[in-house]
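Please read the structure below before turning to the comments.
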Amino acid sequence: MTKRTAAKYKIDRRMGENIWGRPKSPVNRREYGPGQHGQRRKGKLSDFGLQLRAKQKLKGYYGDLTEKQFRRIYAEAERIKGDTGENLIGMLERRLDAVVYRAKFVPTIFAARQFVNHGHVTVNGQRVNIPSYTVKEGDVIAVRDRSKQLAIVLEATQLAERDVPDYVNADHSKMTAEFVRTPGLGDVPYAAMMEPNLVVEYYAKN
């Protein structure tokens, strides 16, 4: 299991945005960054700075992925025919922890990673405990019977702050979800603007 290197609220403050749309995000109260120099006026970012920031925001959104993990996903997206930026979003959304989060089985992407890791989820009836497992179209993801009454699950299904997107068909009465199709950037309900095209530019130069 990848060590979580930064608290989700620290990521929000570092980016200066509420990237998950959470009502408790500190950015809702203070838009400046963390630390004693956080209130200094920010200079204009260079092209490299904008590209790096776009990459950090996308990595942070999916549970603060490591550079090695993210680079591997990007390399796979690059190999697929079509727009690399769109492919990157599709690959990230096909991660099992991302699907569990989108289905509203848990409240946060960090909780989704832990939930999968602890063996609470099945894919097509088989237990899978690898958060980075790639879900295919038509796969059915389910919460195991013994895990359905966990407080974290009951809390998540009641969350009003986000909806289940149309590429995931979730049934909260049975705690199952079908991954209907691989989404593009325009299909994903990001609370903040994501710019995968800048991520592509970043890796093209570095």
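The values are calculated or read from the model by the stated rules, or taken from the named source; none is laboratory data. These figures come from a predicted structure and were not determined experimentally. Backbone-built Cβ (ideal geometry, glycine too); neighbour counts: all protein chains shown. Protein only, heavy atoms only, side chains kept; ligands, DNA and RNA dropped before computing areas. Shrake-Rupley method; radii C 1.70, N 1.55, O 1.52, S 1.80 Å.
For the residue pairs 44/205; 136/205; 59/136; 81/148, the alpha carbons lie more than 28 Å apart in 136/205; 81/148. On full extension, the segment bounded by residue 136 and residue 78 gains 19.0 nm, given 0.36 nm per residue less the C-alpha separation. Over segment 82-140, the alpha carbon radius of gyration divided by the compact-protein estimate 2.2 N^0.38 Å works out to 1.11.
Among 194-204, 135-145, the peptide with the highest mean count of other Cβ atoms within 10 Å heads the list, and the full ranking is 194-204, 135-145. Per atom type, segment 84-162 shows carbon and sulfur on 46% of its accessible surface, probed at 1.4 Å. Over segment 76-197, accessible surface divided per residue gives 47 Å², non-protein components excluded, 1.4 Å probe. Its residue count N sets the reference 2.2 N^0.38 Å, and the alpha-carbon radius of gyration of segment 112-181 equals 1.06 times that reference.
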